[in-house]
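Just so you know, all these numbers are worked out from the coordinates, no wet-lab data involved. In this text the structure is predicted, and so the values were computed from the model without any measurement. No Cβ is skipped: glycine too gets one built from the backbone with ideal geometry, and neighbour counts run over all protein chains shown.
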Amino acid sequence: MSSNVNRQWLFAERPEGKLGVEHFGYRESAVPTPGPGQVLVRHRVLQLMPGNRSWMQRDTYRSPLETDQVMPGYAIGEVVASNDLSFKPGDVVETMLGWQDYALASAAALKRRDTPASMEDLMGLLGLSGLTAYFGLLHVGRPRAGETLLVSAAAGGIGSVVAQLGRISGCRVVGIAGGPEKCAWLLNEVGLDAVVDYKAGDLADALSAACPNGVDLYFDNVGGRILEAALDVLKFGGRIVCCGATAHYDSDTPSRGPLGLPLKLIVKSLTMHGFANYGYGAHEREAESNLLKWLSDGSLKTFYHIVEGLEKTPEALVGMMAGMNRGMLLVRV
Ligand SMILES: NC(=O)c1ccc[n+]([C@@H]2O[C@H](COP(=O)([O-])OP(=O)(O)OC[C@H]3O[C@@H](n4cnc5c(N)ncnc54)[C@H](OP(=O)(O)O)[C@@H]3O)[C@@H](O)[C@H]2O)c1
């Protein structure tokens with residue numbers, strides 16, 4: 001690739017059913033030049049997440065995507081040219097400007113990342129997924145030693161960090177994931193106490209067997225029938241952190257929420273806490289410092305599923321929705 005070409009993946013078409021690579025378009029254009037107050041960023045690592053798919057739905061929680069706009073998404077890279085005094089070439093910055101080699105950003109929209117860490121760690125453990133896991137579990141869920149923590153999509157980006165933070169907090173950690181290989185990986189590599197393969201057998205039976213004393217805290221990444229089943233194993237007074245709803249994303253006619261609400265919340269006195277990770281900026285340094293401490297003392301591991309090359313981004317997101325990733329899915333651009 002010539003360095004004066006900007007490769008871009010575009011939103012081409014809203015999928016009616018499951019996502020495919022045909023729903024994306026591709027364009028090459030000249031690398032832009034920053035105007036007043038603008039900064040040119042060379043993206044180095046993109047972060048993919050189920051949210052990228054949900055933004056392509058008709059009824060999404062943000063502004064609907066427009067045909068031929070660059071696919072939005074979190075990215076990290078370095079400033080290569082700046083027309084604003086607050087940034088200089090070489091500065092490491094985070095953007096939301098998505099699936100392209102170069103992004104032209106207004107300086108005010110850039111987030112400076114000055115923690116000395118690799119681009120992968122800045123986008124992964126110290127990026128959206130790691131911080132969402134940290135705030136969602138530790139600030140919202142507030143696990144206590146001796147409790148049973150149940151985590152869905154436990155082998156995913158957020159789930160694999162939540163599971164480890166649960167163990168650091170002294171919980172018995174039970175993970176839910178799809179397929180025997182992922183479940184074995186969770187037990188052997190991530191260090192969970194028990195796992196449930198939601199694609200095999202009866203989910204209710206498997207959850208009861210894995211959580212014989214019930215669940216105190218359920219960290220929900222997926223919603224749907226897994227949330228429905230988890231309601232039955234929660235103890236009286238149990239807590240649910242609703243972090244994501246991946247089971248509802250890969251369709252333009254997603255199923256309705258789980259059966260049993262609100263009655264099961266009422267009769268078991270459950271607390272269901274929806275959580276979005278903005279508003280925690282004041283605690284980011286605390287989160288970074290604790291995550292790095294646990295990483296260096298070996299109590300926390302990073303699991304990155306790295307895809308090499310911007311050209312593979314669409315197939316990587318399609319793969320993620322089918323369960324391809326173990327840990328956080330990052331694309332090296
Ligand atoms: N609240 C917030 O502020 C916030 C911030 C960021 C992300 N999120 C949300 O958090 C959730 C997790 O994000 P992540 O980036 O860590 O993604 P992730 O869990 O790595 O997502 C991919 C995994 O989801 C699972 N999955 C796919 N379709 C599924 C289905 N129909 N039912 C159950 N599981 C399914 C697959 O694992 P299996 O093979 O195990 O099925 C797949 O590997 C997402 O819903 C995301 O939107 C929330």
Which shape class, rounded, prolate or oblate, goes with segment 207-292 when its Cα gyration tensor gives a ≥ b ≥ c as root eigenvalues, a/c under 1.5 marks rounded, and past that a/b bigger than b/c marks prolate? oblate
Listed residues Leu317, Leu231, Tyr304: farthest to the positive end of the dipole of segment 229-324 (Cβ charges): Leu231
Considering only Cys242, Asn213, Leu263, whose Cα is most displaced toward the positive end of the charge dipole of segment 196-266, charges sitting on Cβ of Lys, Arg (+1) and Asp, Glu (-1)? Leu263
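Evaluate the charge dipole of the chain about its Cα centre and quote only its size in Debye, nearest 20, assuming +1 on the Cβ of each Lys and Arg and -1 on the Cβ of each Asp and Glu. All intermediate terms of the calculation are to be shown ahead of the outcome.
Details: 31 positive and 35 negative charges, 124 e Å.
Dipole magnitude for the chain comes out near 600 debye.
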Mind checking which aspartates and glutamates have their Cα closer than 12 Å to the Cα of Lys264? Skip sequence neighbours fewer than 8 apart in that chain. Glu228, Asp232
Find which of Tyr102, Val140, Leu125 sits farthest along the positive direction of the dipole of segment 84-208, computed with +1 on the beta-carbon of Lys and Arg, -1 on that of Asp and Glu, about the Cα centre. Val140
Net charge (Lys, Arg +1; Asp, Glu -1) of residues whose beta-carbon lies under 14 Å from that of Glu16, Glu16 excluded, is -1
If each residue of separation counts as 0.36 nm, what is the full-extension length gain between Trp294 and Tyr26 once their alpha-carbon separation is subtracted? 92.4 nm
For segment 62-153, what is the per residue volume of the convex hull drawn over the alpha-carbon atoms, in cubic angstrom? 162
In Å and on Cα atoms, what radius of gyration and Dmax does segment 180-327 show? 17.6, 51
Determine the sum of side-chain charges near Arg144: Lys and Arg each +1, Asp and Glu each -1, restricted to other residues whose C-beta is under 14 angstrom from that of Arg144. +3
Segment 110-153 - charge dipole about Cα centre, Lys and Arg +1 at Cβ, Asp and Glu -1, debye rounded to 20: 180
Whole-Å semi-axes of the chain's equivalent ellipsoid (Cα gyration tensor): 36, 22, 17
I'd like the distance between the alpha-carbon centres of segment 275-329 and segment 1-60, rounded to an integer number of Å. 19
List Leu122, Leu300 from most exposed to least, where exposure is judged by having the fewest other Cβ atoms within 10 Å. Leu300, Leu122
Contact order relative to length of segment 1-131, as percent, for alpha carbon pairs under 8 angstrom and 6 or more apart: 27
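Could you size up the charge dipole of segment 178-333 around its Cα centre, putting +1 on the beta carbon of Lys and Arg and -1 on that of Asp and Glu, and report it in debye to the nearest 20?
With only Lys, Arg, Asp and Glu charged at Cβ, the dipole is about 300 debye.
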Rounded to the nearest whole Å³, what is the per residue volume of the convex hull around the Cα atoms of segment 267-309? 211
Contact order normalised by residue count of segment 155-278, Cα under 8 Å, 6+ apart, percent: 18
